[in-house]
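These notes are about the structure you will find just below.
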Amino acid sequence: MPIWGRSILLKLENISTHYGDVQALRNVSLGIKEGQIVSIIGSNGAGKTTTLNTISGVLRASSGTIEFLGRRIENLPPHQIVDLGVVQIPEARLLFPYMTVLENLELGAYTPKARKGKEENLKVVFRLFPVLEERKTQLAGTLSGGEQQMLAIARGLMAKPKLLMLDEPSLGLAPLLVKEVFEAVKEINAHGITVLLIEQNVFHSLSISDEAYVLENGRVVLEGEGKGLLDNPQVKEAYLGI
Amino acid sequence: MLTIVIQLIINGLLLGGIYALISIGLTLIFGVLEIINFAHGEFLMLSMYASYWLFQLLGVDPYLSLLVVIPMFFLIGLVVQRIIIQPIIHAPPLNQIFVTVGLSLILQNVALFFWKADYRTVRTAYSTLCLKTSGLMISFPRLVAFLLALAIISILLIFLKRTYTGKAIRALAQERRAAMLMGINIYGTYRIAFGIGIACVGAAGAMLMPIYYAFPTVGALFVLIAFVVVVLGGYNSLVGALIGGLIIGIVEAFSGFFLSPHLKEAVYFVIFILILVFRPTGLFGRG
Amino acid sequence: MKMSFISRKTASNLFRPKFYFPLALLLLLLVLPILPRNPFYEDLIIMIFFWGALAAAWNLVGGFAGQISLGHTAFFGIGAYTSTLLYLKFSLSPWLGMLAGAGLAVLVAMGIGSPCFRLKSHFFALATIAFAEVLRHVASYWRGLTQGGVGLLIPFKPRIENFMFRSKIPYAYIALGLMLLIILVSYIIRNSRFGFYLISLREDQDAAESLGVKTSRCKLIALVISVLFTAIAGTFYAQYLLFIDPDTVFSLPFSIELPLLAIIGGLGTVIGPIIGAFILTPLDVLLRGWLGAISAGLNFIVYGTVLVVAVIYFPRGIAGWLRTWYESFLRRLPGAKLSLAIEKTVSSPLLTSETSDPEDSDPEDEEIKSPLFEAQSLNKHFGGLAAVKDVSFQIKKGEILGLIGPNGAGKTTVFNLITGFLSPDSGKIEFKGEAMTAVKPPHKVCIKHIGRTFQLVRPFNNMTVLENVMVGAFSRVKRTKEAREEATKVLDFIGLLEHSHSLASSLTIADRKKLELGRALATRPELLLLDEVVAGLNPRETEAIIGIIKAISNQGITLFIIEHVMKAIMTLSHRIIVLHHGEKIGEGTPAEISRDRRVIDAYLGEEYLA
């Protein structure tokens, strides 16, 4: 797939983020082109989730700039960033447990833009995850782990994202379900949605990624083409210590 | 005997409707903002005065005054949230408690300052009107208040269930971070939730006016009952607040009759403590 | 030599501002009641002492222990009614009635304390309000005993044994005495093991439990002491006004006034509530006099506004910023230089005290064969999800055992099962040959010499670094001095000595992790469980912590470590066990583990090596 002809969708330049007085990101720069799948990998506490939270406006960067479609977004509140088409699917899913599957999906389409195409979007989502249509009147809290992850992704899709950011979608899922999730991510990407993926499952995420960044201690220590990094000894070392 | 029991149940239910309406506002505010509004009763008091003055000065019927009072108290709620509640949303519980306690002190004394400690009441044609059937007596204004309370609660529940804003309010109560990531403006939604809570208690005040007196500390009386109802029903369940309100109304009617009117409050506070200790989530609350 | 040093110290103490200034304040307090010759001011001074005493008493449970009671009026009323009724019905001297009332209030507090302490902050507050309301209604209703809303009038027969005086001055001194007594008790508590425990449980109950703090008992004791003084103040009130009725002694506004004074003055400090009383009581009285005369309610509007603004914008109260001001003020008083010099000579010996390494055993030695700890078929379910499935393992004395596995594999759950934060659905845990499965509250596990740290560090933020470690040390020693020495040694060992007096919240993340290690070490564990101590640290910081962990191990302490940073765990561990989906899928030396196919699959995805 030739990727270099495409326009830049999201660009982080020298982003630093602090939790109180603790620095979690140090001068992180990265770029995502339209239509790509990009992975961020790294061990626990390396700053992966912080990166996503900074992009989505949940955390404020202490310095640096974030551009989405050429527009500076680092000072916008989260709801405006969502409205622009940057949607984060949080780790541990964070569904609305006492609402039905359908209500969760409707809340996904909360922004004015997303509301317009809600019905068609719902069809697309149900085609992607047929199990959700079967369960649409069930309370989200009663779904199985795999179904909950599907719902979390589907809810994010309802927001009509241009960029979908997934935080550890395979967390706590059985191997078979992990495969399904990655299939779904590929299919979403095939619909033209750019994907930013955080994963512990290095093999799966790198093998579907166009590009990947390795974070260590809040810094980008390595970047490159996804599959190429699979053979990189540094990646192996970061994870296995061997 | 049976007539008495039925009469007490009716009295209790009619009373409970108003309790439910007061409590549902408190529940909504606590469920969404996680703040106990100790000044809730003072908004009830203010709306009673609002309804009183509308009647005295403009001759507006208390029930008709709802049309003014509800939007007015919604706006008051928005403003109070922005100025006083917003700054303490992430403060420690004790500080939150004291800001609303302080607000309650201010409002009580604003009322005392402007309108003195007099008991004020409106005399309408139907104030003492009573419907009598087969030995039972049903006070007309209480019946109207009950039906209106149920109607307002139903509208609120439908609003929360059906509209986008309503769903956003519920989403915020269930999972704040996810709500933010779905593009919900959480601070705006906090404000609306607070506004609705105050509008509910405002409506209750206007409906109480034909059957009760307005005086500066009248709120304290009702806010304690509302706490009991909220805990009984489950602090995060609006339906719980409705049913809790009706139960407390009935408990009050029965204990007032069989024990002593002076002990009825002691009885529901005992219930309150028992619920807190043995079933802290209330009858309908979620863990 | 030593003797002469001490006597020289006490002699020169008198000239230190730190000593003579508080003494001057105390003298001022003592003459305050006899200065004014005006009943209005006499009354004001009595009210200040009275409210100061009550707010300080409330502060013991509300400030130190962080349990927000809004029902203290219940105990106040019990005190007032008990002594008054005993006097009116049986002519019992109110002095004795005061003790009876205090005793009754304590009994009641013990009855309602335990169930209510299980409630979270807001609900605890509501429950206490409700309890006080119940008493108010009972007092109003029970006319035969209390004359209900009419109230009880005590006939004025001024005699010492009747606790009644013609002049207001005795009342002023009684109130002052009570206030000073409560300040003294607060001061002693604040500087004792009990006080450290109260503040630690307020800051983080779980962390406190893990350090051996019996949190429920501490809360109850704090409540009892607080209630005791509150009831005594109730008797004082009755004897001063000679009239009580349910609506004043069982009133919600009374309950609210106490924490209010404490917040404005400085919550959880010894002197804060007193400062609150000295500012707010006159403010209240003066506003009542000035504005209340203009129009009823105006004074409360101003008072309420002051309150709301103060709580929003100065949430930490006056004592906080007054302290900095006070210290710089002291430095400008005569004799300040003297004090500095002396403090230096006093504190220097501590710094040079050597750290002893008592056991210098080599972990690779003969001892390693005996199992110190054994877990057999542990199971734990959350709802339908099996978090830990049939997990068995042993830990040998002196070894470092690693526990790894992907996120959500159940590692922290295993820690929680061992340390009593969770109980297993089935399975057995043995430590030093003793069954531990039933050892439930975490503080008991700590006393058995098993220590732990938490994945997300949980320092007691509003305590200093030294105080944090002292909480741990108190699990083994009773006296503050010993705990301080012990904690200082530990801080030296982990390299945080220079930060001893900084607040824990001001530390960097790496230092916070060290602090958490030190706190657990101070409990003198034989088995120490470390949950991701190097996660999120940079390589240099990681190296430092690994060095400390090795040094801990060299002291003969057995270690069980969860870690995600592979380099760290591979270099540290003698053996490693691997969890995946709650099941143990591998066990062996680091070298064996890194070659294990199932482990690599679990971590990196099945086909990684394919």
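What follows is calculated from the coordinates using simple rules that are stated; it is not laboratory data. Everything numeric here is computed off the predicted structure, so don't read it as measured data. Every residue, glycine as well, gets a Cβ built from its backbone with ideal geometry; the counts of neighbours run over all protein chains shown.
List of remarks:
- Ranked by the mean number of other Cβ atoms within 10 Å per residue, highest first, peptides A:34-41, B:84-91 order as A:34-41, B:84-91.
- Ranked list, fewest to most other Cβ atoms within 10 Å of each Cβ, for A:Met158, B:Met48: A:Met158, B:Met48
- Partner chain coverage, peptide B:110-120 - average Cβ within 10 angstrom: 3
- Per-residue ³J(HN,Hα) for segment C:410-419, Karplus 6.51 cos²θ - 1.76 cosθ + 1.60, θ = phi - 60°, Hz, x for Gly and Pro: x, 5, 5, 4, 4, 4, 5, 5, 5, 8
- Global geometry of chain C, whether rounded, prolate or oblate, following the gyration tensor of its Cα atoms and the 1.5 cut on a/c: prolate
- B:Thr281-A:Glu133 pseudo-label distance in nm [points 7 Å out on the Cα-to-Cβ vector]: 3.4 nm
- Computed from phi, the 3J(HN,Hα) profile of segment C:90-100 under the Karplus parametrisation 6.51, -1.76, 1.60 (θ = phi - 60°) reads 10, 6, 6, 4, x, 4, 6, x, 4, 5, 4 Hz, with x in place of Gly and Pro.
- For the pair B:Ser134 and B:Phe159, a Förster radius of 25 Å applied to the C-beta separation gives a FRET efficiency near 0.10, rounded to the nearest 0.05.
- Helical segments meeting 24 Å axial Cα length and Kyte-Doolittle 1.0 threshold in chain B (DSSP H): B:2-33, B:62-80, B:93-115, B:140-162, B:186-208, B:238-258
- Euclidean distance of C-alpha centroids, segment C:313-331 and segment B:142-172, integer Å: 49 Å
- Checking the Cα-Cα distances for A:Lys227/C:Lys514; C:Lys513/C:Lys584; C:Lys120/C:Lys448; A:Lys186/C:Lys514; C:Lys219/C:Lys584 against a 32 Å cut-off, the pairs over it are A:Lys227/C:Lys514; A:Lys186/C:Lys514; C:Lys219/C:Lys584.
- Folded to 0 to 90 degrees: helix C:509-521 orientation relative to chain C principal axis, Cα: 90 degrees
- Signed unit charges on C-beta, dipole axis of chain C, positive-most listed residue C:Gly62, C:Pro17, C:Gly427: C:Pro17
- Amide H contacts of C:Gly451: C:Glu526, C:Leu527, C:Leu528, C:Leu529, each under 5 Å away and 5 or more positions distant or on a separate chain (H built 1.01 Å from N in the peptide plane; Pro and chain starts excluded).
- Taking the DSSP bridge list for segment A:80-235 and keeping only pairs wholly inside it, about 45 percent are antiparallel.
- Between segment C:80-125 and segment C:232-301, the Cα center-to-center distance that results, in Å: 20 Å
- Degrees separating the helix C:39-59 axis from the principal Cα axis of chain C, which is the longest one: 20 degrees
- Positive-end extreme of charge dipole, the protein assembly as shown - chosen from A:Tyr98, B:Tyr190, C:Ile593 (charges on Cβ): B:Tyr190
- Using the Cβ-Cβ distance between C:Lys389 and C:Arg37 with R0 set to 60 Å, the FRET efficiency from 1/(1 + (r/R0)^6) comes to roughly 0.15.
- Cα-Cα pairs of segment A:1-106 separated by more than 25 Å (percent): 27 percent
- Dipole magnitude (debye, nearest 20) for the protein assembly as shown, charges at Cβ of Lys, Arg, Asp, Glu: 3040 debye
- Most positive-pole-ward Cα, C:Phe123, C:Ile112, C:Val285, against dipole of chain C from beta carbon charges: C:Val285
- Taking amide hydrogens as placed 1.01 Å from N in the peptide plane, the amide H of A:Gly224 sits under 5 Å from those of A:Ala212, each at least 5 positions away in sequence or on another chain.
- Global geometry of segment B:55-171, whether rounded, prolate or oblate, following the gyration tensor of its Cα atoms and the 1.5 cut on a/c: oblate
- Amide H within-cut-off set for C:His580, under 5 Å, with H built and near neighbours excluded: C:Ile585
- In terms of packing, defined here as the mean over residues of other Cβ atoms within 10 angstrom, the peptides C:388-396, A:132-140, C:273-281 line up highest first as C:273-281, C:388-396, A:132-140.
- Karplus 3J(HN,Hα) series, Hz, for segment C:244-251 with 6.51 cos²θ - 1.76 cosθ + 1.60 (x for Gly, Pro): 9, 9, x, 6, 9, 8, 10, 10
- Neighbour counts of C-beta atoms inside 10 Å place A:Glu147, C:Glu257, A:Glu180, C:Glu498 in the sequence C:Glu498, A:Glu180, A:Glu147, C:Glu257, starting with the fewest.
- Inter-chain Cβ neighbour count for A:73-80, averaged per residue, equals 3 (cutoff 10 Å, partner chain atoms only).
- Under 20 Å of direct C-alpha separation, and excluding same-chain neighbours fewer than eight residues apart, A:Lys33 reaches these aspartates and glutamates: A:Glu13, A:Glu67, A:Glu74, A:Asp83, A:Asp167, A:Glu187, A:Glu199, A:Asp210, A:Glu211, A:Glu223, A:Glu225.
- Shielding by other protein chains, B:181-194, mean Cβ within 10 Å: 6
- As a rough footprinting exposure proxy, the listed residues A:His79, A:His18 were ranked by other beta carbons within 10 Å of their own, and the order from fewest upward is A:His18, A:His79.
- Over 21 Å between alpha carbons, listed pairs A:Lys116/A:Lys162; A:Lys136/C:Lys380; A:Lys179/C:Lys380: A:Lys136/C:Lys380; A:Lys179/C:Lys380
- Choice from B:Ser127, B:Ser104, B:Ser51 with maximal GNM fluctuation in chain B (Cα, 10 Å cutoff): B:Ser127
- Cleavage-rule hits, trypsin sites (Lys or Arg not before Pro), segment C:119-203, DSSP coil, Cβ neighbours within 10 Å at most 12: C:Lys120, C:Arg159, C:Arg166
- Dipole check for chain B: with +1 at the C-beta of Lys and Arg, -1 at the C-beta of Asp and Glu, and the Cα centre as origin, the magnitude is about 500 Debye.
- Segment C:521-591 and segment A:45-83 have their alpha-carbon centroids 35 Å apart.
- Between helix C:272-294 and chain C: long-axis angle, C-alpha atoms, 0 to 90°, nearest 10: 40 degrees
- DSSP-defined antiparallel bridges as percent of all bridges, the protein assembly as shown, nearest 5: 60 percent
- Taking a ≥ b ≥ c as the square roots of the Cα gyration tensor eigenvalues, the protein assembly as shown comes out oblate, since a/c reaches at least 1.5 and a/b does not exceed b/c.
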